[in-house]
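One structure is given here, and the rest of the page talks about it.
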Amino acid sequence: MENNYLFDSEGLSEAALERKHKLENDPSFRTDHMEYMEGQQKIESDIRDKVMAAFESYDYNAYTALDVSRALQKTTIGVEEFKALLSPAAEPFLEQMAERARIETRKHFGNTVYLFTPLYIANYCENYCVYCGFNCYNKIRRMKLSYEQIEHDMKLIADSGMEEILILTGESKSMSDVRYIGEACKLARKYFRMVGVEVYPLNVDDYKYLHECGVDYVTVFQETYDSDRYEQLHLAGHKRVWPYRFEAQERALMGGMRGVAGSALLGLSDFRKDALATGLHMYYLQRKYPHAEISLSCPRLRPIINNDKIDPLDVGEKQLCQVLCAYRLFLPFAGITVSSRESKSFRDGIVKIAATKISAGVSTGIGDHESKYNGTESDAEGDEQFEIADPRSFETMYKDMSAEGLQPVLNDYIYV
Amino acid sequence: MENDDKLIIGGHEFGSRFILGSGKYSLSLIKAAVENAGAELITLAVRRANTKDNESILDHIPKGVTLLPNTSGARNAEEAVRIARLARELGCGDFVKIEIMRDTKYLLPDNAETIKATEILAKEGFVVMPYMYPDLNTARDLVNAGAASVMPLASPIGSNKGLATRDFIQILIDEIDLPIIVDAGIGRPSQACEAMEMGAAAVMSNTALATAGDLPMMADAFRKAIEAGRQAYLSGLGRVLVRGASPSDTLTGFLRD
């Protein structure tokens with residue numbers, strides 16, 4: 001697979017560069033990505049085995065147009081039908097899939113579309129993930145918001161009308177520990193009806209603590225379900241441990257969270273196999289925890305600061321649409337979020353077919369809401385995680401969605 | 001339809017037997033939907049109404065229509081009770097439709113928890129309308145717990161599959177003295193009509209309207225179907241002959257005294 005990820009930031013010390021290159025070039029220098037690190041909780045679960053058995057044996061080229069046609073005639077799309085719908089043989093059926101997906105989305109969600117915004121509160125990171133703008137070897141402006149700054153940004157966002165917030169950090173346990181995240185979530189509860197987090201994976205007790213701080217939804221992206229490929233991309237740091245990340249959603253539910261979301265980052269590896277694993281991961285979670293609200297995302301790779309060559313490779317908009325339609329038909333009840341990684345035209349189209357939730361007023365930088373929302377420049381800003389493709393404000397998004405005949409919903413949630 | 005044929009729920013009288021859902025279509029269509037449906041009761045999800053959004057659903061519901069807040073999102077009795085109390089605080093009145101689900105895939109109601117919540121809320125003076133899986137024992141428990149009506153599902157919410165639980169709903173209609181309101185899964189006016197012919201007191205629908213090409217027109221169609229079904233029920237349906245025609249000479253015609 002093509003590798004446009006590796007680059008050296010200017011200003012790295014010689015020692016740092018040497019270690020970086022060793023990590024990149026010498027697999028024996030890296031830790032075992034399947035071994036839990038100290039402090040990482042192991043849980044009893046068979047979900048991983050079930051998902052990975054299907055992942056390993058999935059030969060998408062074996063499916064034919066007849067298989068796809070048969071799948072589309074079935075009332076219930078099961079695992080086998082889902083596999084057919086993700087295969088290349090299903091590409092000519094995209095319009096039919098979209099039509100059926102639209103009906104399913106309408107049946108389960110009506111014409112609603114949920115709006116939310118992410119708030120990055122820190123971009124320190126201890127991991128070396130080669131495709132990510134926050135990686136520890138990328139020379140960017142690092143920042144961690146103080147509680148006053150967090151509250152300031154939250155007020156700005158809440159004043160715009162938003163009622164749901166997703167709090168994000170880089171993955172640094174030393175710079176953004178669980179208490180820091182928890183305090184930020186307590187502040188968020190003052191200004192927002194619903195609070196979710198997308199932070200580094202935690203143990204059950206930590207999720208319990210965050211739930212007590214007002215969080216009810218946890219998003220963790222597996223990046224890729226291909227553990228060998230994962231090993232090549234996540235070269236250092238606690239994120240390197242693939243199975244601990246896989247079990248994050250389950251630990252979150254064990255900690256009392258109401259809902260979880262997950263996905264692969266499409267474009268890192270074989271997207272069809274990653275999409276299959278994403279769907280099955282959420283499917284088996286729902287079977288084991290029937291009360292859990294399940295949500296899927298569909299992020300594709302985006303360019304980052306200091307490396308504009310990163311792209312989602314073979315995952316074009318048509319392929320992404322196929323994946324989303326397959327998700328919708330396999331998991332008709334699940335929420336599907338499409339982030340500002342995607343363009344205005346794609347998001348406007350996909351909310352009519354399969355997506356139920358989109359972000360607006362997005363910044364993936366730190367502390368720059370003042371400049372983005374009010375046009376006031378500030379020097380104290382941390383750099384962004386990736387470039388966004390749809391910069392629409394909350395107000396514009398609200399108007400645009402209404403104009404598309406959809407019903408923007410700001411809150412559908414009670415913290416009980 | 002005779003004006004004295006009223007639907008009575010918890011001592012409140014309604015002329016219409018069509019309960020309208022509101023969650024799946026644009027707020028701007030609510031007024032037209034209510035008018036064309038002739039609806040006097042409209043549901044709303046408390047979790048959705050609990051918003052700062054300028055376009056709150058509460059502002060779109062025409063005056064004179066009774067609100068039926070539901071507890072969707074509740075996973076157990078305790079959560080349902082808290083949501084119902086919040087509805088009252090928000091000014092949604094005393095009616096409450098209990099919805100308790102601990103399965104996010106099919107959204108099937110949890111009957112046991114529903115009985116518990118009904119008992120608590122009825123004691124607090126709510127007019128409790130529990131959504132339930134059609135089971136006679138549960139329905140009897142709901143009556144004893146103080147429910148004002150019983151709302152069995154026809155098929156899973158949003159499925160538009162019609163009266164999949166037909167025979168079990170019929171048992172409730174035959175055995176329970178409260179209004180039986182068929183809720184969830186009714187996808188077509190003809191299915192609503194059939195439920196009313198069976199003796200259901202009312203029908204509730206949301207997805208069937210929301211997924212229609214012309215929502216106000218479909219609301220009108222449902223109104224007519226529900227009225228027709230009610231009228232047929234009141235008039236006494238003719239018998240259905242299962243095997244062939246009825247013989248003119250009766251089998252017992254030879255008997256002399």
Pairs returned, first residue in segment B:143-160 that is surrounded by fewer than 23 Cβ atoms within 10 Å (Cβ to Cβ), second residue that is part of a loop (DSSP other than H, G, I, E, B) and charged (D, E, K, R), beta-carbon separation under 6 angstrom, 6 or more apart or interchain, are B:Ser155/B:Lys161
Has segment B:36-43 got at least one residue that is in contact with a Pro (Cβ under 6 Å, 6 or more places away or on another chain) and buried (at least 24 other Cβ atoms within 10 Å of the Cβ)? no
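Listed here are the residues, each with its yes/no results for (1) crowded, with 23+ Cβ neighbours inside 10 Å; (2) among the polar types (S, T, N, Q); (3) within 13 Å of chain A (Cβ to nearest Cβ).
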site: B:Ser72; (1), (2), (3): yes, yes, yes
site: B:Arg85; (1), (2), (3): no, no, yes
site: B:Lys97; (1), (2), (3): yes, no, no
site: B:Ile120; (1), (2), (3): no, no, no
site: B:Tyr133; (1), (2), (3): no, no, no
site: B:Asn137; (1), (2), (3): no, yes, no
By residue number, the members of segment A:165-192 that are in contact (Cβ under 8 Å) with a residue 60 or more places away in the chain and more than 20 Å from A:Glu148 (Cα to Cα) are A:Glu171, A:Lys173
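If the requirement is being under 30 Å from A:Arg141 (Cβ atoms), in contact with a Gly (Cβ under 6 Å, 6 or more places away or on another chain) and buried (at least 21 other Cβ atoms within 10 Å of the Cβ), which of these qualifies: A:Arg347, A:Arg300? So that I can check it myself, show each step before the final result.
On the way: A:Arg347 fails: in contact with a Gly (Cβ under 6 Å, 6 or more places away or on another chain).
The unique qualifying residue is A:Arg300.
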Mind listing just one residue for me: the one in segment B:14-35 that is surrounded by fewer than 19 Cβ atoms within 10 Å (Cβ to Cβ) and under 13 Å from B:Thr66 (Cβ atoms) and, of those, farthest from the other protein chains (Cβ to nearest Cβ)? B:Gly15
Subset of segment B:99-118 (residues that are away from chain A (no Cβ under 14 Å) and touching a Phe, Trp or Tyr at 6+ places or on another chain (Cβ under 8 Å)): B:Asn111, B:Thr114
Based on this model, can you work out whether A:Lys173 counts as more than 20 Å from A:Arg341 (Cα to Cα), of a type outside the set (Val, Ile, Thr) and within 20 Å of the chain's Cα centre (by Cα)? yes
Could you list, in sequence order, the residues of segment A:75-130 that are away from chain B (no Cβ under 14 Å) and closer than 22 Å to A:Ile388 by Cβ? A:Thr117, A:Pro118, A:Leu119, A:Tyr120, A:Ile121, A:Ala122, A:Asn123, A:Tyr124, A:Cys125, A:Asn127, A:Cys129, A:Val130
Scan segment A:137-158 for residues that are out of contact with any strand residue (DSSP E or B) (no Cβ under 9 Å at 6 or more places or on another chain) and either on the phi > 0 side of the Ramachandran plot or modelled with pLDDT of 90 or more (or both) and report the count. 7
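Looking at A:Glu212, is it at pLDDT 95 or above, over 19 Å from the mean Cα position of the chain (by Cα) and over 22 Å from A:Arg48 (Cβ atoms)?
Values: at pLDDT 95 or above: yes; over 19 Å from the mean Cα position of the chain (by Cα): yes; over 22 Å from A:Arg48 (Cβ atoms): yes.
Spelling it out, A:Glu212 is indeed at pLDDT 95 or above, over 19 Å from the mean Cα position of the chain (by Cα) and over 22 Å from A:Arg48 (Cβ atoms).
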Just one of the numbered conditions (1) modelled with pLDDT under 95; (2) farther than 30 Å from A:Ser359 by Cα; (3) in a helix (DSSP H, G or I); (4) under 27 Å from the mean Cα position of the chain (by Cα) is not true of A:Leu17; which one? (4)
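The values are calculated or read from the model by the stated rules, or taken from the named source; none is laboratory data. It should be emphasised that the depicted structure is a prediction, and the values quoted were computed from it without experimental measurement. Please note: Cβ atoms are built from the backbone with ideal geometry, for glycine as well, and neighbour counts cover all protein chains shown.
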